[in-house]
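Reading through the structure tokens given below for one structure.
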């Protein structure tokens, strides 16, 4: 039992996953994050690594938002200041992941996030925590990087980079309700370059897919979308979505 009186369960097997379209650490998504922490240690590990290319002030803003959400939820915020592959390979930094109830990869630049974490001690620690029962969430860039391939957001015609590979059968387009209007080339690029058997999923802002790795529930304000070359299928909040591997 933790200091706040919560029972700290460690479920058998991997914890739940969450792929979030936008809204990490915002009050509107607190219910989703609380659900991911339910029955797990009140230790909320946060990585704003994807925002590093935007500068220190942006990274600190994410850190502040994460700490505020942890206070809202009544849990401990553990901010991992991973800015490059050196810090991602630091055993003292990786050790801070242990005991997590929820690990959250927030938004920014998905290719930078994948390139920074791939095959490092921090990523190995995140995977170990998830396999031991911690929840693992990725929002926007964080969700995209969990696939085996990450597109170039600046120019969808360019070849992407390898992702972190946790969900090789899924590719995510976050902010879908915004992207589909202002960046249709991104949608077509992700569909064009996908491998056979890979599900492409659009996730609206302030919306999450929770569960995984194959069966998900849509939570939040908007919808998720199964995308195919010949059209898309809307999956509203409260409904289930399948991404078979």
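The values are calculated or read from the model by the stated rules, or taken from the named source; none is laboratory data. As the structure is a prediction and not an experimental result, all values here were calculated from the model. Every residue, glycine as well, gets a Cβ built from its backbone with ideal geometry; the counts of neighbours run over all protein chains shown.
For region 130-149, how many residues meet the condition of being part of a helix (DSSP H, G or I) and buried (at least 24 other Cβ atoms within 10 Å of the Cβ)? Lay out the reasoning, then the answer.
First, pick out the residues of region 130-149 that are part of a helix (DSSP H, G or I): 130-131, 141-145.
The next check asks that each one be buried (at least 24 other Cβ atoms within 10 Å of the Cβ); those that pass are 141-145.
Of the residues in region 130-149, 5 are part of a helix (DSSP H, G or I) and buried (at least 24 other Cβ atoms within 10 Å of the Cβ).
Answer yes or no as to whether residue 111 is more than 20 Å from residue 174 (Cα to Cα), in contact (Cβ under 8 Å) with a residue 24 or more places away in the chain and part of a helix (DSSP H, G or I).
Details: more than 20 Å from residue 174 (Cα to Cα): no; in contact (Cβ under 8 Å) with a residue 24 or more places away in the chain: yes; part of a helix (DSSP H, G or I): yes.
For residue 111, the condition - more than 20 Å from residue 174 (Cα to Cα), in contact (Cβ under 8 Å) with a residue 24 or more places away in the chain and part of a helix (DSSP H, G or I) - is not met.
Out of all the residues in region 98-110, is one or more under 22 Å from residue 16 (Cβ atoms), surrounded by fewer than 21 Cβ atoms within 10 Å (Cβ to Cβ), modelled with pLDDT of 95 or more and touching a helix residue (DSSP H, G or I) at 6+ places or on another chain (Cβ under 9 Å)?
Start the filter on region 98-110 by keeping residues that are under 22 Å from residue 16 (Cβ atoms), which leaves 98-107, 110.
Now narrow it down to the ones that are surrounded by fewer than 21 Cβ atoms within 10 Å (Cβ to Cβ): 98-99.
Of the ones still in play, those that are also modelled with pLDDT of 95 or more are 98-99.
Adding the requirement that they be touching a helix residue (DSSP H, G or I) at 6+ places or on another chain (Cβ under 9 Å) leaves 98-99.
Scanning region 98-110 turns up at least one residue that is under 22 Å from residue 16 (Cβ atoms), surrounded by fewer than 21 Cβ atoms within 10 Å (Cβ to Cβ), modelled with pLDDT of 95 or more and touching a helix residue (DSSP H, G or I) at 6+ places or on another chain (Cβ under 9 Å).
Looking at region 88-113, which of its residues are under 16 Å from the mean Cα position of the chain (by Cα) and farther than 19 Å from residue 63 by Cα?
Across region 88-113, the qualifying residue is only 111.
For region 169-245, which strands (runs of 3 or more DSSP E) that fit wholly inside it have 1 or more residues that are at pLDDT below 95? It would help to see each step written out before you state the result.
On the way: elements: 170-173, 199-203, 207-211, 215-220, 223-228, 231-236, 240-242.
Those strands (runs of 3 or more DSSP E) span 170-173, 199-203, 223-228, 231-236.
Can you pull out the helices (runs of 4 or more DSSP H) entirely within region 27-98 that have at least 1 residues that are within 21 Å of residue 208 (Cβ to Cβ)? Don't jump to the end; show me each part of the working.
On the way: elements: 30-37, 56-73, 85-88, 91-94.
Counting at least 1 such residues, we get 30-37, 56-73.
Considering (1) out of contact with any helix residue (DSSP H, G or I) (no Cβ under 8 Å at 6 or more places or on another chain); (2) on the phi < 0 side of the Ramachandran plot; (3) surrounded by 17 or more Cβ atoms within 10 Å (Cβ to Cβ), say which one residue 86 fails and leave the rest.
Every condition holds for residue 86 apart from (3).
Limited to region 32-51, what total is found for residues that are surrounded by fewer than 21 Cβ atoms within 10 Å (Cβ to Cβ) and farther than 22 Å from residue 129 by Cα?
Residues that pass the stated criteria total 0.
Only one of 16, 53, 41 is modelled with pLDDT of 95 or more and closer than 20 Å to residue 114 by Cα. Can you tell me which? Even if it seems obvious, please write down each step before you answer.
Working: 16 fails: closer than 20 Å to residue 114 by Cα; 41 fails: closer than 20 Å to residue 114 by Cα.
Going through 16, 53, 41 in turn, just one is modelled with pLDDT of 95 or more and closer than 20 Å to residue 114 by Cα: 53.
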